[in-house]
Amino acid sequence: MAKERSIPGTHEGFTSLLAALGDSAAAAGQHYEQLRAKLIFFFTRKALEVPEDLADEVLDRIGRRLAEGLAILSVDAFALGVARHVAQEQTPIRNRVETVDPIFFHNVPAVSTTFNEDERIVYLERCLRRLPSYDSQLLKGYYLGGGGAISARKNMAERLGVSPGTLRQKVFLIRRRLLECVTARLEKRKL
Amino acid sequence: MNPSTSHEPDRQQLRDYLLGRMPEDTAAEVDERLFDGNHVLELLEEERQSLIEDFVGGRLYEQEAALFRSQMARSPELGRKVEDFREFLLALKRETAYSEKRKTLSLAFLFLSPALALLLCVVSLLYVKELHKSANLHAALSAGPQTTQVLSHPYAGDSSLATAFLSANVPRGSSGPPEILLPANASTLELQVELRDPLPDAKGWKVEVLAGNELLWQSAHTPVRRVGQETFLTVFVNAQDLPPGPYTIRYSPTANPGAIQTRLFVIRKPL
């Protein structure tokens, strides 16, 4: 996934960063995604514009420093320091409603909006029908069973004899499979 | 909240952090823990998913919803995640409705299927019966002038009974009398003569079988036999008395000897 994204900065820097993040390509890729996610959380809670771009900026700066030969003991801890510095460079927009341009809300669908029947939803439905019955029931129980209530999911996990974390992980994996199915179908249609 | 001593952040703290409404010093401590290992990252991802679900489900307080909307406006990835979940939920609901409908139809079919199967059996039975009847009729008609079906009944030993049927419906254009192919081992010929427009009160009949003018067999009180809509006279003639050749069967109600009817037939024997 990391390779698909447009990485600002030099190729050398990116290679150095990956080398510092893991021994294998898979491990480095996973660590990269985790670090990026942490940075996005950080910039989001700082109420800064486009936290994804700022996260990439931090990763780019670290990569360049690594390419220059800087030895970094903990990339994650170092990343937090760089992130704080980048945050200070930005003009913070605090999460206050009055500071948000109302135009933004026009682009965000309302909660009760009726959804459009686009291709993606149609494919999602088809892929849902292709799921094994157990997986399908699990998804329905998890998301439609108790209105998303934590206690309902806890009860569900108890009934299934697994921990809430395991149940969550199972559901996550099913959703990922579902997403893969939808992506594959959409790709196939493009051809 | 000191990272080294404090407890794991609870759900409310995680949510406050995500929505950017946690005091800066406390948030900075969470930052430290976030970048130290992956445990807090997992907790935050889980809580963010919960936040997305609550937002899509309309379960956030207005202030929280407003903060979340402003974050979505700033973060394209967050906006996409929300939209993905919204689509997923809609698809799941639709699929559930579809499954329920299909289940109802299946149940209905389950209850209806025995009745349908029974109906099918009855229809099949009637069809087969009709088919047989049609085949018999066709055979009888096509046999017409040439031959009359003979049924052999090997009851015991060499002596056997052969049954021939003379229909009341003689096909048009028949060029000759019906032929009866008498099996070589037949000792008795059961001749069934269908009566055309029989009188309901004519129960006893006088029947004669003639070869030319020679009387071979006769019965003064032959009863009629009714099978469904059809009425028959049944006579049993010694097969030895019926060499190949033309014959006449003559019959009249006992009560009305003048109302004579005749039918011709020809006996043939295998070469």
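The values are calculated or read from the model by the stated rules, or taken from the named source; none is laboratory data. Note that the structure is a prediction, hence the values are computed from the model and not measured. No Cβ is skipped: glycine too gets one built from the backbone with ideal geometry, and neighbour counts run over all protein chains shown.
Looking only at the range B:70-101, filter to residues that are of a type in the set (Gly, Ala, Ser) and part of a helix (DSSP H, G or I); which one of those is farthest from A:Arg120 (Cα to Cα)?
B:Ser70
Do you know which residues across the range B:23-54 are more than 7 Å from every other protein chain (Cβ to nearest Cβ), buried (at least 19 other Cβ atoms within 10 Å of the Cβ) and among the hydrophobic types (A, V, I, L, M, F, W, C)?
Residues satisfying the conditions are B:Val30, B:Val40, B:Leu43, B:Leu51, B:Ile52.
Report whether or not B:Arg196 is in a strand (DSSP E or B) and not small (Gly, Ala, Ser).
No, not satisfied.
With the structure loaded, tell me whether A:Ser74 is modelled with pLDDT under 50 and within 11 Å of chain B (Cβ to nearest Cβ) or whether it fails that test.
It is false that A:Ser74 is modelled with pLDDT under 50 and within 11 Å of chain B (Cβ to nearest Cβ).
Considering each of A:Arg176, A:Arg168, A:Arg189 in turn, give the residue that is at the interface with chain B (Cβ under 10 Å from one of its Cβ atoms) and not small (Gly, Ala, Ser).
On the way: A:Arg176 fails: at the interface with chain B (Cβ under 10 Å from one of its Cβ atoms); A:Arg189 fails: at the interface with chain B (Cβ under 10 Å from one of its Cβ atoms).
Being at the interface with chain B (Cβ under 10 Å from one of its Cβ atoms) and not small (Gly, Ala, Ser) holds for just one of A:Arg176, A:Arg168, A:Arg189, which is A:Arg168.
Those residues that are more than 12 Å from A:Lys38 (Cβ to Cβ), of a type in the set (Gly, Ala, Ser) and touching a Leu at 6+ places or on another chain (Cβ under 6 Å), I need them from the range A:54-90; list them, please.
A:Gly63
Give just the number: which of (1) modelled with pLDDT of 85 or more; (2) at the interface with chain A (Cβ under 7 Å from one of its Cβ atoms) does B:Gly57 not satisfy?
Condition (1) is where B:Gly57 drops out.
Can you confirm whether A:Glu57 is within 7 Å of another protein chain (Cβ to nearest Cβ), free of Cβ contacts under 8 Å to residues at least 60 places away in the same chain and surrounded by 17 or more Cβ atoms within 10 Å (Cβ to Cβ)? Give the steps one after another, and end with the answer.
Details: within 7 Å of another protein chain (Cβ to nearest Cβ): no; free of Cβ contacts under 8 Å to residues at least 60 places away in the same chain: yes; surrounded by 17 or more Cβ atoms within 10 Å (Cβ to Cβ): yes.
Taking the combined requirement at face value, the residue does not satisfy it.
Could you list, ordered by first residue, the pairs with Cβ atoms under 6 Å in which the first is in the range B:73-95 and within 7 Å of chain A (Cβ to nearest Cβ) and the second is outside any helix (DSSP H, G or I), at least 6 apart or interchain?
Every condition considered, the pairs that remain are B:Arg74/A:Glu49; B:Leu90/A:Phe115.
Give the range A:21-48 a look and list any residue that's part of a helix (DSSP H, G or I) and over 30 Å from B:Glu24 (Cβ atoms), or say none.
A:Ala25, A:Ala26, A:Ala27, A:Ala28, A:Gly29, A:Gln30
Restricting to the range B:206-264, and then to whatever is touching a strand residue (DSSP E or B) at 6+ places or on another chain (Cβ under 8 Å) and of a type in the set (Asp, Glu), can you tell me which residue is nearest to B:Ser167 (Cα to Cα)?
Once the filter is applied, the top-ranked residue is B:Glu230.
Taking the stated definitions as given, is A:Leu48 at pLDDT 95 or above, within 13 Å of chain B (Cβ to nearest Cβ) and closer than 27 Å to B:Glu46 by Cβ?
no
Return the only residue of B:Ala66, B:Ala117 being surrounded by fewer than 19 Cβ atoms within 10 Å (Cβ to Cβ), facing chain A (nearest Cβ under 7 Å), more than 28 Å from A:Glu180 (Cα to Cα) and of a type outside the set (Asp, Glu).
Working: B:Ala117 fails: facing chain A (nearest Cβ under 7 Å).
The unique qualifying residue is B:Ala66.
Name the single residue, out of those in the range B:215-252 being more than 22 Å from B:Glu179 (Cβ to Cβ) and of a type in the set (Val, Ile, Thr), that is surrounded by the fewest Cβ atoms within 10 Å (Cβ to Cβ).
B:Val227
Checking the structure you have, find out if any residue of the range B:99-111 is at pLDDT below 75 and basic (Lys, Arg).
No, the range B:99-111 contains no residue that is at pLDDT below 75 and basic (Lys, Arg).
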